[in-house]
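Novice: What follows is a structure written as structure tokens; I'll ask about it next.
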Amino acid sequence: MRKEKSPFLEIVNLSKFFGETKALKKVNLQVKKGEWVSVMGPSGSGKTTLLSLIGGLIRPTEGKVKIDRTDLNSLNNNEIAHFRREKIGLIFQQHHLVPYLTATENVMLAQFLHSLPDQAEAEEALKRVGLGHRLHHLPSQLSGGEQQRVGIARALINSPALLLADEPTGNLDRENAKIVLEIIKRLHLEDMFTIILVTHDPWVAQWGERIIRLEDGRIIGDKVVKERSSPKRRTS
Amino acid sequence: MLEATKITLNVTLEAFLLTLIVFFYLKEIGKKELSHFFAIGSLFGFIGGFVLNFSSLGERADIKFLINKGHLILSGGFILLALLSLPGREPHVVIGLEKILKGKKVWLIFLSFLWGLMLLPLESLHLGQDIEAIVFLKERNLPYFFSFLGLALGLALGSGLFYFFRMVRIGRFFTFPSLLFLIIAIKALWEPMIVTSIEVIVARILHDFVHWIIVFLLLPDHVYLTKFFWNLIAFFFQKNTSLIMNLTFIFSLGIFFLVYLQRQPFPELKGVNRGAERRKIWAEIRKTRHWQMLSILAACLILLLVGYNAYEKGEGLYQPTPQPLSVDSQGFSEVPLSEVSSGLMNVYSFNYEDKSIRFIIIKKPDGSFAVTLDCCLICPPTNPTSYAQMGKDLFCLYCGTPIPISTVGKPGGCNPIPIPFQLIDDSKLRFNARQAIGTWERANKGK
């Protein structure tokens, strides 16, 4: 009998309470390797809490998160930080770039924290997100869309297996949002990392292959909206 | 008696430390055969040295000769080992000695035995020092128990070191140069005199080189090389100047190794496509290099402390102030044996008319005495003395040539010129000081 391949991300009975507030209630979810899952829901539905639990940024009240067969509950804080550094890339609505470092230096900082900085590789990553002409600009000299693209380059520079994006286009107009999402899509096709993208915008959610609907801390819908993409060869 | 225990413990630990570091380094770089060869050879050397010293075999073997050549042979051994193993630094490159040893146990035993023979003089030297240091045990007809106790403690602590080194994988902290560097530092820590004795080697090379030139070019001795020129050279070989120069030289080596390690490019890593993966491997390499740098810095620190100690205490060099010699009307001098029986050199000066000459009187390790002029046939005399004592050697302060004290009193070469003397009633030495003036002047003519 052929053994079924274990999911890349497995969430079992996951709950998170903040005092009396029950942000997440016994959520179960399985995500395959290389899948793009959009998590959609209104404000206060528990999207960001779910993302924070997957990223090991907070600990669950009960239940477990397993990424690539590693149970995050079994890791101490240092081990989780190390695991996150190795396996997970994070993009936030607020890009959180270091204001006094250039675009290249911001990406190199992530390299430095992971292993060691490599300027040529950082510049190449910025070129991949269309910022070849903005390598030495400070965040304040970049537009919101460009800042988010630096954030994407920074999140992906260490080749994470899982990209967690929390409202990555929340601060952008539709035109810039499209540019950012197209970049994420292209990079996803080239490198086939798994994406969990949290958004309240149905237009953004439909870029994914599968949409999970979250409401009041529970999953109320799970729908595959697209065929899974096949990997594409990277073009430089 | 516990002093004997301490000395043997000290020596055994040193042997363990050096052997284990090299052994684990060879293992770490995947040189299994070489590591076995080194370990077995060292064991042979240690046991052999022990047997030589604690049995009548040692009396038959020319152990003094072995001891004098010990460091030289050991250095040669390390250089040989370096030449044999350095080109095959990568585990998959099997050449030279490693190729001979691969899968051939008979060769391994035979060559290890030879390596042990090379180490033998050093081990004999160490163990010999123990025995001489605990001579009171012999004199009082006491057993060697306390010495063996030190050996047993050393073996126990050495075994502990073995497990500790294996646990921390100590071999990964070294490159070949840093390994050699640390070995020098450990040797210096155990034997501070090695720092000053480096100058003897350098001086000897310079001395021989100059003499070869003179011989090959058929130049008359010391015509172009004036006293001023020799004094200039001598300045660099003065005790403190040369100590500082030696340490500077060693530290320069250390800095060179540090810069070399830091500037080594990372390997290309063919087949690794992801940048992050490549950087991670590079980061590991860099981390290892930092540890390797630490071993060089540790060696530098040890050498700095040893050098400071040698500088402050004048460790190893004994240069007494010449004492005036009383001479009778016939030119004869009598010196009580009690005055010259310490084993340290005694220097006496004698002024006659407008001439001043110096004598050395020393009690040799075999209990006999030697009376010599404080000069040789080759080098001009220096002030306040021409020779200084360093352990069991006198050495020329002009050219740095070491003279084993056991050979002082024999004529020729760099040895101080012997003076005939008589022993009176086993209580004093008598020699003609005035007659020696002629010899002193002949020896120094043209210098």
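The values are calculated or read from the model by the stated rules, or taken from the named source; none is laboratory data. Since this is a predicted model, take the numbers as computed values, not measurements. Glycine also receives a Cβ, built like all others from the backbone with ideal geometry; neighbour counts cover every protein chain displayed. Surface areas here come from the heavy atoms of the whole protein model, side chains and all, with no ligands, DNA or RNA. Shrake-Rupley method; radii C 1.70, N 1.55, O 1.52, S 1.80 Å.
Novice: Checking A:HIS114 against (1) more than 30 Å from A:SER43 (Cα to Cα); (2) within 14 Å of another protein chain (Cβ to nearest Cβ); (3) out of contact with any helix residue (DSSP H, G or I) (no Cβ under 6 Å at 6 or more places or on another chain), which test does it fail?
Specialist: The failed condition is (3).
Novice: May I ask you to list the residues in the range A:7-32 that are open to solvent by 40 Å² or more (accessible area, probe 1.4 Å) and part of a loop (DSSP other than H, G, I, E, B)?
Specialist: Result: A:GLY19, A:GLU20, A:LYS32.
Novice: Right, something else. How many residues does the range A:33-50 hold that are closer than 13 Å to A:LEU162 by Cβ and either in contact with a Gly (Cβ under 9 Å, 6 or more places away or on another chain) or open to solvent by less than 10 Å² (accessible area, probe 1.4 Å) (or both)?
Specialist: Matching residues across the range A:33-50 total 4.
Novice: List the number of the failed condition for A:GLN93; all other conditions in (1) closer than 25 Å to A:LYS33 by Cβ; (2) away from chain B (no Cβ under 14 Å); (3) open to solvent by 30 Å² or more (accessible area, probe 1.4 Å) hold.
Specialist: Status for A:GLN93: all satisfied but (1).
Novice: Taking B:GLY314 as the residue in question, decide whether it is over 26 Å from the mean Cα position of the chain (by Cα), away from every other protein chain (no Cβ under 14 Å) and modelled with pLDDT under 80. It would help to see each step written out before you state the result.
Specialist: Numbers: over 26 Å from the mean Cα position of the chain (by Cα): no; away from every other protein chain (no Cβ under 14 Å): yes; modelled with pLDDT under 80: yes.
It is false that B:GLY314 is over 26 Å from the mean Cα position of the chain (by Cα), away from every other protein chain (no Cβ under 14 Å) and modelled with pLDDT under 80.
Novice: Only one of these is within 19 Å of A:GLY55 (Cβ to Cβ) and either in contact (Cβ under 8 Å) with a residue 40 or more places away in the chain or of a type in the set (Lys, Arg) (or both): A:ILE183, A:ILE157, A:ILE179, A:ILE211. Name it.
Specialist: A:ILE157
Novice: Also, quick follow-up: For A:ALA103, are the conditions met, namely being crowded, with 21+ Cβ neighbours inside 10 Å and within 17 Å of A:SER159 (Cβ to Cβ)?
Specialist: No.
Novice: Could you list, ordered by first residue, the pairs with Cβ atoms under 8 Å in which the first is in the range B:262-281 and closer than 17 Å to A:PRO117 by Cβ and within 11 Å of chain A (Cβ to nearest Cβ) and the second is β-branched (Val, Ile, Thr) and open to solvent by less than 60 Å² (accessible area, probe 1.4 Å), at least 6 apart or interchain?
Specialist: Pairs that qualify, where the first residue is closer than 17 Å to A:PRO117 by Cβ and within 11 Å of chain A (Cβ to nearest Cβ) and the partner is β-branched (Val, Ile, Thr) and open to solvent by less than 60 Å² (accessible area, probe 1.4 Å), are B:PHE266/B:ILE285; B:GLY275/A:ILE157; B:ALA276/A:ILE157; B:ARG278/B:VAL272; B:ILE281/B:VAL272.
Novice: Quickly run through the range A:149-181 and pick out the residues that are within 14 Å of chain B (Cβ to nearest Cβ), surrounded by fewer than 21 Cβ atoms within 10 Å (Cβ to Cβ) and at pLDDT below 90.
Specialist: A:SER159
Novice: Still on this structure: Could you count how many residues in the range A:202-224 are among the charged types (D, E, K, R) and within 15 Å of A:GLY46 (Cα to Cα)?
Specialist: 4
Novice: I'd like to know if the range B:283-304 contains one or more residues that are within 14 Å of chain A (Cβ to nearest Cβ), assigned to a loop (DSSP other than H, G, I, E, B) and either crowded, with 18+ Cβ neighbours inside 10 Å or not aromatic (Phe, Trp, Tyr) (or both).
Specialist: The answer is no, given that none of the residues of the range B:283-304 is within 14 Å of chain A (Cβ to nearest Cβ), assigned to a loop (DSSP other than H, G, I, E, B) and either crowded, with 18+ Cβ neighbours inside 10 Å or not aromatic (Phe, Trp, Tyr) (or both).
Novice: Kindly check whether there is at least one residue in the range B:324-336 that is over 22 Å from the mean Cα position of the chain (by Cα) and among the aromatic types (Phe, Trp, Tyr).
Specialist: Yes, the conditions are met somewhere in the range B:324-336.
Novice: Regarding the range A:71-87, can at least one residue be identified that is surrounded by 15 or more Cβ atoms within 10 Å (Cβ to Cβ) and either modelled with pLDDT of 95 or more or more than 18 Å from the chain's Cα centre (by Cα) (or both)?
Specialist: Yes; the residues of the range A:71-87 include at least one that is surrounded by 15 or more Cβ atoms within 10 Å (Cβ to Cβ) and either modelled with pLDDT of 95 or more or more than 18 Å from the chain's Cα centre (by Cα) (or both).
Novice: Restricting to the range A:211-229, give me the number of residues that are open to solvent by less than 80 Å² (accessible area, probe 1.4 Å), outside any loop (DSSP other than H, G, I, E, B) and not small (Gly, Ala, Ser).
Specialist: Within the range A:211-229, residues that are open to solvent by less than 80 Å² (accessible area, probe 1.4 Å), outside any loop (DSSP other than H, G, I, E, B) and not small (Gly, Ala, Ser) number 4.
Novice: Test each condition in (1) open to solvent by 20 Å² or more (accessible area, probe 1.4 Å); (2) in contact with a Ser or Thr (Cβ under 6 Å, 6 or more places away or on another chain); (3) within 18 Å of A:ASP222 (Cβ to Cβ); (4) not polar (S, T, N, Q) for A:GLU62 and report the one that comes out false.
Specialist: All conditions are met except number (3).
Novice: So, one more: Here is a list: B:ILE360, B:ILE417. Which entry is under 20 Å from B:THR321 (Cβ atoms), free of Cβ contacts under 8 Å to residues at least 60 places away in the same chain and surrounded by 13 or more Cβ atoms within 10 Å (Cβ to Cβ)?
Specialist: Working: B:ILE417 fails: under 20 Å from B:THR321 (Cβ atoms).
So the residue among B:ILE360, B:ILE417 that is under 20 Å from B:THR321 (Cβ atoms), free of Cβ contacts under 8 Å to residues at least 60 places away in the same chain and surrounded by 13 or more Cβ atoms within 10 Å (Cβ to Cβ) is B:ILE360.
Novice: Something else: For A:HIS137, which of the numbered conditions (1) within 13 Å of another protein chain (Cβ to nearest Cβ); (2) open to solvent by 40 Å² or more (accessible area, probe 1.4 Å); (3) in contact with a helix residue (DSSP H, G or I) (Cβ under 7 Å, 6 or more places away or on another chain) fails to hold?
Specialist: (1)
Novice: Which condition from (1) open to solvent by less than 20 Å² (accessible area, probe 1.4 Å); (2) in contact with a helix residue (DSSP H, G or I) (Cβ under 7 Å, 6 or more places away or on another chain) is the one that B:PRO320 breaks?
Specialist: Among (1) open to solvent by less than 20 Å² (accessible area, probe 1.4 Å); (2) in contact with a helix residue (DSSP H, G or I) (Cβ under 7 Å, 6 or more places away or on another chain), the lone unmet condition for B:PRO320 is (2).
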